[in-house]
């Protein structure tokens, strides 16, 4: 299951890779780009090309930092969510009840076994019945909608409809098929309509 923490881990790992790759390129080591290293190995390395790759990696890292700033990392101060048994100190903004519930969870051996055998969101959902305050806080941090794909998928059909068929008044009817998770059975629709003739 995708969580915000898992996505933040992947972004942080990619930013670290970009930084490491930039350092390697400065030493004229392009092994992480296998095809490029092979081509340059045949033709001979060019210092200006390595400099160009380094500049590109630096700009890419800067853009990633702009979109995903380290100062706004969603994991900061919420380490207790990832492992409530190791990180016993929670956020400073926790209520007294939440801190008490976190301490009870941290000292519960049965929950530790559950934690080791389930995924993070499933663990906090199971904890919800007994410790609702802290579980709700954890789930709000873990499970905000981590993808914008459905929203982005709607832009294309809206653009087509608005530019080619401006007389469409009800966008919800027009967008029903493109945004539906159900795939239409076009062959069945074609078979049903093929029996009728307009002539």
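The values are calculated or read from the model by the stated rules, or taken from the named source; none is laboratory data. Since this is a predicted model, take the numbers as computed values, not measurements. Note that we place each Cβ from the backbone using ideal geometry, even for glycine, and neighbour counts take in every protein chain shown.
Here are a few things to note about the model shown:
- Qualifying residue in the range 9-26 (condition: within 20 Å of residue 139 (Cβ to Cβ) and either out of contact with any helix residue (DSSP H, G or I) (no Cβ under 8 Å at 6 or more places or on another chain) or assigned to a helix (DSSP H, G or I) (or both)): yes
- The lone criterion from (1) surrounded by 13 or more Cβ atoms within 10 Å (Cβ to Cβ); (2) within 30 Å of residue 16 (Cα to Cα); (3) modelled with pLDDT of 90 or more left unmet by residue 73 is number (3).
- For the criterion of being surrounded by fewer than 14 Cβ atoms within 10 Å (Cβ to Cβ) and within 30 Å of residue 124 (Cβ to Cβ), residue 8 fails.
- Contact annotation: residue pairs with Cβ atoms under 7 Å, 6 or more positions apart or on different chains, pairing a residue in the range 11-35 that is touching a residue at least 12 places away in the same chain (Cβ under 8 Å) with a partner that is outside any helix (DSSP H, G or I) and surrounded by fewer than 15 Cβ atoms within 10 Å (Cβ to Cβ), are 21/32; 28/45.
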